[in-house]
Amino acid sequence: MIRKTLPLLLLLSLVACDRTAEPPLGSGETAEQQAAAGLGDRVLVLAADAMVIDGRHVRLANAFAPQGMPDARCWAEAVAAQQAVLMVRDRVREARAVTFTPGEGKDEYDRDLGLVTLDGVDLGQALFDSGVAARRGARRFDWCAPVSRDRTGAPPLKALLDMGLSNAH
């Protein structure tokens, strides 16, 4: 059992230690340094599913991203969170237009829930389709559970299997 999981743990450790990735907010980088080139100071990415758009704190209503460190419940969740944040930052950096369509309610931190589109593409749906976010639902998706468990709200399995393989050489 250990011999089978050791290569996976090694791979996850290497991905988590990638020094070329942008540091998360709160690691000494200022908000100005994280501002996207394409949208200037209009969008600040706090997490893959939480951001500040035109001064308004918002959270995606249709996607739930994994938690990064120190709130992640396991290494797999921390690695998935890093991938999700990098994806969102790249998309924001390349985008020329952003819209926020308020939904109903607020999250537990009083952020407005709604849909975010970048150049007309639904960000929550793009995160889900890429395998780096789950559906927001009545219960929280468990990023640390075995993939063989109940997958209600889970990202597409194909996206999970393909994640990171295109970059491996």
May I ask you to verify whether Gly137 is at pLDDT 65 or above, assigned to a helix (DSSP H, G or I) and either under 11 Å from Ala63 (Cβ atoms) or touching a helix residue (DSSP H, G or I) at 6+ places or on another chain (Cβ under 6 Å) (or both)?
no
Pick out the one residue from Thr117, Thr99 that is farther than 14 Å from Ala63 by Cα, modelled with pLDDT of 85 or more and not in a loop (DSSP other than H, G, I, E, B).
Thr99
Taking the stated definitions as given, is Val116 closer than 17 Å to Leu46 by Cα, touching a strand residue (DSSP E or B) at 6+ places or on another chain (Cβ under 8 Å), of a type in the set (A, V, I, L, M, F, W, C) and free of Cβ contacts under 8 Å to residues at least 60 places away in the same chain?
no
Those residues of the range 39-58 which are free of Cβ contacts under 8 Å to residues at least 12 places away in the same chain and either in contact with a helix residue (DSSP H, G or I) (Cβ under 8 Å, 6 or more places away or on another chain) or surrounded by 16 or more Cβ atoms within 10 Å (Cβ to Cβ) (or both), in sequence order
Asp41, Val52
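The values are calculated or read from the model by the stated rules, or taken from the named source; none is laboratory data. Bear in mind the structure is a predicted one, so any value in this text is a computation, not a measurement. With ideal geometry, Cβ positions are generated from the backbone for all residues, glycine too; neighbour counts draw on all protein chains shown.
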